[in-house]
Amino acid sequence: MNQQKEFTGLYTQYANGIKKLCLGYTGDAALADDLLQETFIAVWNNMHKFRGDASWGTWIYRVAVNTCLTYLRSNKNKPLELQEPFVAALHDEVNTKEQEVQLLYKCISKLAEADRLIISMVLEDKPYEEIALITDITENNLRVKIHRIKKQLTEIYNRYARL
Amino acid sequence: MQDFDSLKNMWQEDEPPTQSTTAPAIGRTTLNTKRKLQRQLLFAMISLLLTALAIAGMALFGDFNFQHWYSYGAMVLMCLICLAQSGVIFFTYKKISAIDETTTPGKHLQQWESYYSLRKRQNAIIGPLYFLLLNVALGIYFIEIFTGRPLTNILIILFIYCAWMLFAYFYLGKKNQRREAEKLQGIIDELKGIENQLTSNR
């Protein structure tokens with residue numbers, strides 16, 4: 001299979017999950033699109049390095065995590081604060097599932113950088129073993145982190161959902 | 001009141017639109033941190049190489065008829081300084097090219113940290129050295145240019161030149177250097193912070 005075909009296959013399979021990871025990280029659709037593109041450009045440029053030690057999914061998610069983590073370099077790029085007017089505006093309109101999801105992405109982007117990525121993968125139902133491989137965090141440490149982040153995210157979401 | 005599983009369902013039901021794509025078509029993005037830096041470095045390196053070539057060309061074919069060898073020596077020195085600076089930029093370019101997006105996040109962050117530390121050291125040491133050497137070369141070059149000119153003209157030109165250089169170095173340069181150092185330190189601290197998030201036990 002040539003690189004082009006293989007890449008297209010990988011993009012079709014993983015772009016959706018990576019987009020959600022980026023959405024959770026930035027809380028912003030336009031920035032998430034940029035990060036998604038940046039990730040797949042890195043994937044394209046580094047495909048020759050893939051040795052098959054892990055699955056393509058693990059490898060691509062790791063590239064995405066690295067791309068996201070090294071992205072926020074200045075204050076102007078930091079995600080917008082989740083302000084009450086924004087939340088109020090969401091509730092002024094019909095409370096659709098889409099708006100709830102947008103609120104969820106915004107709430108995730110309020111967490112610490114590494115936490116955003118970890119919880120996005122948990123929400124995606126990635127096995128802990130794979131998340132540990134992607135992030136290079138020991139499974140035990142990861143379990144502790146996930147427990148804390150789950151609690152934190154649920155609290156943030158419910159706080160803003162009540163507004 | 002939503003529990004975590006409801007949030008998970010909400011997340012999994014969402015299908016955000018993604019563009020369908022073929023490999024090289026996904027080209028233009030506004031971020032490109034690594035590639036943007038590489039492009040800037042490549043541009044600076046080529047500019048310096050062209051400057052060195054232009055100076056060498058002038059020294060060889062410029063028909064200046066200098067009486068003293070040190071005037072040509074000054075041109076050679078300028079040429080070498082430009083080449084050395086482009087060598088430094090090439091080293092920086094290689095350093096940034098070696099950053100591996102496929103390695104573990106901890107190592108990846110460390111590679112960026114090391115790149116920004118290098119930039120910080122370069123700004124503090126190589127920047128002023130480049131400025132100093134270039135001015136020494138220009139100073140030597142001016143010796144013959146000024147020979148035989150009226151003293152008043154020499155003094156006026158020297159005054160303007162020195163005033164501008166001192167202003168450029170001690171005011172503009174220092175201000176820019178401080179701002180750059182703060183920016184780089186900010187980035188390094190931020191990377192360290194993220195690294196801590198990954199390694200901490202909570």
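The values are calculated or read from the model by the stated rules, or taken from the named source; none is laboratory data. Note that this is a predicted model, so its numbers are computed, not measured. Here the Cβ is made from the backbone with ideal geometry for all residues, glycine too, and neighbour counts use every protein chain on show.
Remarks
Condition check ((1) at pLDDT below 95; (2) over 12 Å from the mean Cα position of the chain (by Cα); (3) not charged (D, E, K, R)) across all residues:
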position	(1), (2), (3)
A:Gln99	yes, yes, yes
A:Gln102	yes, yes, yes
A:Lys106	yes, no, no
A:Lys110	yes, yes, no
A:Ala114	yes, no, yes
A:Glu124	yes, no, no
A:Ile137	yes, yes, yes
A:Glu155	yes, yes, no
A:Arg159	yes, yes, no
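- Summed over region B:59-101, residues that are of a type outside the set (Gly, Ala, Ser) and closer than 18 Å to B:Gln38 by Cα total 13.
- Every pair of residues 6+ apart whose Cβ atoms lie under 7 Å, when the first sits in region A:46-65 and is among the basic types (Lys, Arg) while the second is surrounded by 11 or more Cβ atoms within 10 Å (Cβ to Cβ): A:Lys49/B:Thr102; A:Arg62/A:Ile134; A:Arg62/B:Thr102
- Within region A:4-22, residues that are more than 8 Å from chain B (Cβ to nearest Cβ) sit with their Cβ atoms under 6 Å from residues that are outside any helix (DSSP H, G or I) and surrounded by 14 or more Cβ atoms within 10 Å (Cβ to Cβ), at 6+ positions apart or across chains, in these pairs: A:Gly17/A:Glu124.
- Test: residue in region B:104-111 that is modelled with pLDDT of 90 or more, part of a loop (DSSP other than H, G, I, E, B) and surrounded by 15 or more Cβ atoms within 10 Å (Cβ to Cβ): yes
- Filter result (part of a helix (DSSP H, G or I) and of a type in the set (Phe, Trp, Tyr)) within region A:44-69: A:Trp44, A:Trp56, A:Trp59, A:Tyr61
- Scan region B:144-183 for residues that are within 14 Å of chain A (Cβ to nearest Cβ) and in contact (Cβ under 8 Å) with a residue 24 or more places away in the chain and the total you get is 1.
- The condition of being part of a helix (DSSP H, G or I) and within 30 Å of B:Asn65 (Cα to Cα) holds for only one of B:Ile96, B:Ile157, B:Ile188, B:Ile126, that being B:Ile157.
- A:Ala114 meets each of the listed conditions (1) touching a residue at least 40 places away in the same chain (Cβ under 8 Å); (2) more than 7 Å from chain B (Cβ to nearest Cβ); (3) assigned to a helix (DSSP H, G or I) apart from (2).
- Of all residues in region A:117-126, those satisfying the criterion of being part of a helix (DSSP H, G or I) and either touching an Asp or Glu at 6+ places or on another chain (Cβ under 6 Å) or more than 7 Å from chain B (Cβ to nearest Cβ) (or both) are A:Leu117, A:Ile118, A:Ile119, A:Ser120, A:Met121, A:Val122.
- If you go through region B:135-170 and pick out every residue that is within 22 Å of the chain's Cα centre (by Cα) and modelled with pLDDT under 90, you end up with 5.
- Looking across region B:184-202, the residues that are acidic (Asp, Glu) and either free of Cβ contacts under 8 Å to residues at least 40 places away in the same chain or loosely packed, with under 13 Cβ neighbours inside 10 Å (or both) come down to B:Asp189, B:Glu190.
- Considered as a group, the residues in region B:60-108 that are within 30 Å of A:Thr70 (Cα to Cα), free of Cβ contacts under 8 Å to residues at least 40 places away in the same chain and among the hydroxyl-bearing types (Ser, Thr, Tyr) include one that is farthest from the other protein chains (Cβ to nearest Cβ), and that residue is B:Thr103.
- None of B:Leu7, B:Leu48, B:Leu41 is within 14 Å of another protein chain (Cβ to nearest Cβ), in a helix (DSSP H, G or I), surrounded by 13 or more Cβ atoms within 10 Å (Cβ to Cβ) and at pLDDT 90 or above except B:Leu7.
- Filter pass, A:Asp125 being touching a Ser or Thr at 6+ places or on another chain (Cβ under 7 Å) and free of Cβ contacts under 8 Å to residues at least 24 places away in the same chain: no
- Selection within region A:127-163: residues that are within 11 Å of another protein chain (Cβ to nearest Cβ) and part of a loop (DSSP other than H, G, I, E, B). The member of this set that is nearest to B:Thr102 (Cα to Cα) is A:Asp136.
- Scanning region A:61-73 finds no residues that are in contact with a Lys or Arg (Cβ under 8 Å, 6 or more places away or on another chain), more than 27 Å from B:Tyr116 (Cα to Cα) and at pLDDT below 90.
- Residue in region A:95-108 that is touching a helix residue (DSSP H, G or I) at 6+ places or on another chain (Cβ under 9 Å) and part of a loop (DSSP other than H, G, I, E, B) present: no
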